[in-house]
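The values are calculated or read from the model by the stated rules, or taken from the named source; none is laboratory data. Treat the numbers as computed from the prediction; the structure is a model and nothing was measured. Reconstructed Cβ throughout: ideal geometry from the backbone, glycine too, with neighbour counts over all protein chains shown. Note: accessible area is taken over every heavy atom of the protein model, side chains too, but ligands, DNA and RNA are not part of it. Shrake-Rupley method; radii C 1.70, N 1.55, O 1.52, S 1.80 Å.
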Amino acid sequence: MKKIIGLIDYSYGNTQSICNALNSLKIDFTLCSSAKELDLCSHIILPGVGSFTATMESLDQLGFLPSLNYNVLNKKKFFLGICVGFQVIFSEGREFGVSKGLGWVKGNCRKISKINDKNLILPHNGWNEIQNYDNSKLFYKTKKNDSNFYFNHSYIVTGVKKEENIICCHTEYGEKFVSAIQYENIFGVQFHPEKSQENGLNFLKNFSKLK
Amino acid sequence: MKHSLKTRLIPILLYKDGFIVKSRQFKMFQTVGNPFSQVARYSKWNLDELIYLNISSDKNFFQNSDQQTTSSTSSGLKFLPNKKIDVFEFVNILSKNCFMPLAYGGGVKTIEMAKKILKNGADKIVINTAAFKNNNFITDCAKKFGSQAIIVSIDCKKILDKYIVFVENGKVETGVELVDWVRDVEKLGAGEILINSIDKDGVGLGFDKNLCKLSVENTSIPIVICGGGGKIEHFTDIFKESAPHGLAAANIFQFTENSYQNIKKELKKCQINVR
């Protein structure tokens, strides 16, 4: 199969920014507004800005769910979820009540706790560091003295089992949370690589090179 | 006084009638370049963020009035032919070279307009006069796009020891005190506040420390301070009194060689938490 990234295009997400980043890296991609287009892609990116529930509803309404499951779980295509696109790969989200996620990885999604810092500003919006990212090949080239990525979220992923060895790195904001995971062919990041300057562009380049 | 988020250093580009301009106290304007070449230059600087503000009287259209510029650059950023384009197409072009947060402001008056600007690649909108005239606009935008996408910009001037808010590109005095407006803006749902000192604008004699302190102390949302940053030491001096979440400036980045990286180095030396 020809190497081409399918960028899921639905009403949520900052698709334009990801297109800009991929274009500047000269990475082949196609905007997928319907499920069957995913079958033609070797890699899949699911962007996301917005809520967990709205993202899942939108994916469902546009008929993406069976195709995502088939391409990622059966065909083992490389998948990257960004921000809310990362959160929905887990079992459930607790944003407005409980809603079901794609459930590919065990864990759930809840709001960042203010227990340690009552004045903590939410959303967590700005540059922050990722810690202990050495083991993941997607962070190849991320500098030791500058592991900053751009974050923009109020919810985090919790309940990921450490012993399953899927956590790539953590970030601290009010509390320590999982900022990237890798589970077989499934990758997910809480930050926005498309807005993280050189670190982010390197990350996307590394993802596109997976085979 | 340390935030767990990085303190940002943010260049501002001021667009006026076809050119990037340097402004002084919101009154005098000097042309410094064409609307796109500065962005191309900045795109190589690994910026934390970029704020692009349109201060033309007609804010609906953009053009490149700089006749000396050729149609393309080595950076790969395509310049436009000398024709008018609308704000949405303009933001779309800007965003193609911005792999960091991009904020756009100038004449953003409606939810529909804000939505199209964000959809075309901006991450934040900057609102000023429209927010002051219609306070609900802040709340409506925050509900629709999230507070992190809303920067309320406040222009103020010191009058008899009080900081007074001005609107309409600094032309109209409102009589409202800065502190009152800052508190309101937070309650209305803004994600952060950009404070511009009209007195210090373009003078290059340092930021207004009192203004910064006053703003930071009266709100819990991020404050970005602008106006007066003319020398590297101005950027570190301000932290002796208060800790803004961001420092913004325009002229120094255009006229002082390597200023962006050098200011970052100096901030790091002073233990300010920067990227």
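Over all residues in A:59-65, what is the mean tally of Cβ atoms on other chains that come within 10 Å of each residue's Cβ?
Mean shielding by partner chains, rounded to a whole number: 0.
Over chain A, what is the mean sequence separation of C-alpha contacts under 8 Å (at least six apart), divided by residue count, expressed as relative contact order in percent?
Computed over chain A, the figure is 20 percent.
How many partner chain Cβ atoms sit within 10 Å of a residue's Cβ in peptide A:191-198, on average, as a whole number?
For this peptide, the per-residue mean of nearby foreign Cβ atoms is 4.
Among the complete DSSP H segments of chain B, which ones combine at least 24 Å of alpha-carbon extent along their axis with a mean Kyte-Doolittle hydropathy of -0.5 or more?
Both cut-offs are met by no helix.
Using a cut-off of 10 Å between beta-carbons, work out the net charge of the residues near A:Gly126 (Lys and Arg +1, Asp and Glu -1, A:Gly126 not included).
Local charge sum for A:Gly126: 0.
Distance between the C-alpha centers of segment B:91-147 and segment B:149-222? Whole Å please.
The distance from the Cα centre of segment B:91-147 to that of segment B:149-222 comes to 19 Å.
Go through segment B:121-153 and flag every residue whose accessible area shrinks by 50 Å² or more with all protein chains in place compared to the isolated chain (probe 1.4 Å).
B:Gln148
Could you state how much accessible area is buried at the B-A interface, both sides summed, with a 1.4 Å probe, in Å² to the nearest 100?
Buried: approximately 2200 Å² between A and B.
What does the net charge come to around A:Gly101 if you take all other residues with beta carbon closer than 15 Å to its beta carbon, with K and R at +1 and D and E at -1?
Its environment carries a net charge of 0.
Give me the percent of the accessible area of segment A:5-208 that comes from carbon and sulfur atoms, probe 1.4 Å, all protein chains in place.
Whole-percent figure for carbon plus sulfur exposure: 47.
I need the shape label for segment A:7-67. Rule: rounded when a/c is under 1.5, else prolate if a/b > b/c, else oblate, with a, b, c from the alpha carbon gyration tensor.
In terms of gyration-tensor shape, oblate.
Which whole number gives the average count of other chain Cβ atoms within 10 Å of the Cβ atoms across peptide A:117-128?
6
If one computes the Cα centroid of segment A:126-145 and of segment A:62-82, what distance in Å separates the two points?
After rounding, the separation between the Cα centres reads 26 Å.
How much length would be gained if the chain were fully extended between B:Asp58 and B:Lys158, taking 0.36 nm per residue of separation minus their Cα-Cα distance, in nm to one decimal?
33.2 nm
If R0 is 41 Å, what FRET efficiency do you get for A:Lys111 and A:Met1 from their C-beta distance, rounded to 0.05?
For R0 = 41 Å, the calculated efficiency reads 0.55.
Quick check on segment A:74-145: take the gyration tensor over C-alpha atoms, sort the square-rooted eigenvalues as a ≥ b ≥ c, and tell me if it's rounded (a/c under 1.5), prolate or oblate.
Here segment A:74-145 falls in the oblate category.
So what is the relative contact order of segment A:33-133, in percent, for Cα pairs below 8 Å that sit 6 or more residues apart?
So the answer I get is 24 percent.
Does the protein assembly as shown come out rounded, prolate or oblate by the C-alpha gyration tensor, with a ≥ b ≥ c the root eigenvalues, rounded set by a/c under 1.5 and, if not, prolate when a/b is larger than b/c and oblate if not?
prolate
Quick one: if you stick a label point 7 Å off each Cα along the C-beta vector at B:Lys115 and A:Lys75, how many nm between them?
3.3
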